[in-house]
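The values are calculated or read from the model by the stated rules, or taken from the named source; none is laboratory data. Remember, predicted model here, so these are calculated numbers, not experimental data. Cβ sites come from the backbone with ideal geometry, for glycine too, and all protein chains shown count toward neighbours. All accessible areas refer to the heavy atoms of the entire protein, side chains included, with ligands and DNA or RNA removed. Shrake-Rupley method; radii C 1.70, N 1.55, O 1.52, S 1.80 Å.
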Amino acid sequence: MGLDFVPSADAEHPGLLIRDPFRFSDSMLLIPPQLVACLACFDGQQTALDLRETLVRITGEIQVGQIEKHLFDALNDAGFLENEKFEQMRAARIGEFASAPKREPSHAGSAYPDNLEEARKTLAGFMQGAEPAGSADSQIGIAAPHVSPFGGWESYRDAYATLAPSYQDRTFVVLGTSHYGEPDKFGLTRKPYVTPFGESITDVALVDELAAAAPNAVRMEDYCHAVEHSIEFQVLFLQYLYGPNVRVLPILCGSFAQSIYRGGMPEDNPDVARVFGALGNLSAREGKRLFWVLGIDMAHMGRRYGDELTAQADSGEMLAVAERDRSRIERMNQADAQGFWSLVQQNQDDLKWCGSSPIYTFLKTVPQARGELRRYQQWNIDEQSVVSFAAIRFR
């Protein structure tokens, strides 16, 4: 969906929060509980009369013209209605990103400090107590979270602590979850990622090679890069370790939803298969010049994610979720792509693993990889909802 709807966590200000995850609009609205039902009237099918009837039924009043106008104006002014005003806002933002020379930080100042010294101090704190990296000879990649570093710092630490200083000159192929991108599509950009540490280097030659090999599955200068955090957080940690000029191939992986809901395998789509083939060719040709980084979270359970259960990390129903998560991780670590995907398809992925497409892409691209789980975690992202994630190294 083009908008996020989240119940207010503030008891003094109840209702439904609406925001635009694409940031075509910077507004956030709080719809009072009694007016939430009215949002169903803005479906492109119902009329102003239907809205008026709903308001009369809710309020018990005949004169509802002012409420109707206020609700419409608020949604329209925020850019939350699919109309000409929204299209103008959307076109302007996409144009801004397309013409920008850099991918500016999207989450600095919220998910991590936007000040260089504070960012360095914060990440140093996250990485404190990390075990030594060990032998660098056989390691080819890691999986780390993309949840807020403040919530997942232990898994970030245990993943990034495995990276040896000798990896500094490699190209880091970052496979990130595209939360808002098109299914069965891969988002690419030639723009360098910027964080408080500085400006990374995008391996443009490899970007262009992928785009040429599978044009129908690739979205060049995908606007999702502008708002997505799953790659930004990995670049942040890589720059902390190796300095600003890390070389990156940033790839956003859209959901393989058709395969999850209709059966079959993602590569049954020939365009997706071409991407797997092109990445596999890169892996075989470049060998140890590449290092693979998966920016993935796992299960999303609880009220925030549409479940009736009130989820609490590491207790109650989340214990069974942990067992199912670990079964998927085991298939992943054994490079069993088909076995992993069959578990994702069960119950149409009721665990809501948002990292399944980057994982499957990696398993098909680098089939010789074998994983080692270093940490598994569950974290309450709010009082009623839990996200799970892990630190994994691949050899």
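Listed by chain and number, the lysines whose alpha-carbon sits under 20 Å from that of Lys102, ignoring those within fewer than 8 places in the same chain, are Lys191. Here the simple spin-label model places points 7 Å from the Cα toward Cβ, and for Asp73 and Asp336 these points are separated by 6.2 nm.
GNM, the chain, Cα, under 10 Å: largest mean-square fluctuation among Arg120, Arg103, Arg262? The residue with the greatest mean-square fluctuation here is Arg262.
The calculated FRET efficiency for Arg190 paired with Gln88, based on their beta-carbon distance and R0 = 22 Å, is about 0.25.
To the nearest 10 degrees, how steeply does helix 65-78 sit against the main Cα axis of the chain, on a 0 to 90 scale? Value to nearest ten degrees: 20. The residues packed around Cys224, meaning those with a beta-carbon under 15 Å from its beta-carbon, carry a net charge of -2 if Lys and Arg are +1 and Asp and Glu are -1. Each of Lys191, Lys85 has its accessible area taken with a 1.4 Å probe; listed largest first, they run Lys85, Lys191.
Extension gain for Glu182 to Arg303 (0.36 nm times residue separation, less C-alpha to C-alpha distance): 41.1 nm.
How large is the accessible surface per residue of the chain, computed with a 1.4 Å probe and reported in Å² as a whole number?
Counting only protein heavy atoms, the per-residue value for the chain is 45 Å².
Once the GluC sites (Glu not before Pro) in DSSP loops with at most 14 neighbouring Cβ atoms within 10 Å are cut out of the chain, the longest remaining piece is 83-307. Note on the chain: GNM, Cα springs under 10 Å; of Arg52, Arg374, Arg331, the largest mean-square fluctuation is that of Arg52. Please work out whether segment 235-279 counts as rounded, prolate or oblate from its C-alpha gyration tensor, where a ≥ b ≥ c are the square roots of the eigenvalues and a/c under 1.5 means rounded, while otherwise a/b larger than b/c means prolate and anything else oblate? The shape class here is prolate. Listed cross-link partners Lys185/Lys364; Lys121/Lys185; Lys185/Lys352 are compared with a 25 Å cut-off, the Cα-Cα value being larger for Lys121/Lys185. Quick check: the angle from helix 356-365's long axis to the longest principal axis of the chain, C-alpha only, nearest 10 degrees? The helix 356-365 is inclined about 30 degrees to the chain. Label zone of Ala98 (point 7 Å out along Cα→Cβ, amide N under 12 Å): in segment 192-223 this covers 220-223.
Which number do you get for Rg(Cα) / (2.2 N^0.38 Å) in segment 17-127? So the Cα radius of gyration is 1.52 times the expected 2.2 N^0.38 Å. When DSSP beta bridges are restricted to pairs lying wholly in the chain, around 55% turn out antiparallel.
In the chain, helical runs assigned H by DSSP with n ≥ 4 each contribute -39500 (n - 2.57); averaged across all residues and rounded to the nearest 500, the mean residue ellipticity at 222 nm is -11500 deg cm²/dmol. Using the Cβ-Cβ distance between Ala11 and Asn380 with R0 set to 25 Å, the FRET efficiency works out to roughly 0.90.
Size descriptors for the chain, from the alpha-carbon set: Rg then Dmax equal 22.2, 76 Å.
Label-to-label distance, Ala320 versus Asp43, with points set 7 angstrom from Cα along the beta-carbon direction: 3.2 nm. When the chain is treated as a GNM with alpha-carbon contacts under 10 Å, the residue of Ala48, Ala74, Ala278 showing the greatest mean-square fluctuation is Ala48. Within the accessible area of the chain, what % is carbon and sulfur when the probe is 1.4 Å and the other protein chains stay in place? After summing per-atom areas, the C and S share lands at 49 percent.
Overall form of segment 347-387: oblate. Here a/c, set by the Cα gyration tensor axes a ≥ b ≥ c, is 1.5 or more, and a/b is not larger than b/c. Let me check I've understood the local charge: for Leu282, count other residues with C-beta under 15 angstrom from its C-beta, Lys and Arg +1, Asp and Glu -1. What total comes out? It works out to a net charge of +3. Cross-link reach is defined here as a Cα-Cα straight distance under 26 Å, omitting same-chain residues fewer than 8 places apart; for Lys69 the lysines meeting it are Lys85.
Axis angle, to the nearest 10 degrees, between helix 317-333 and the longest C-alpha principal axis of the chain: 40 degrees.
Computed over neighbours whose Cβ is under 13 Å from that of Gly129, the net charge equals -1, Lys and Arg +1, Asp and Glu -1.
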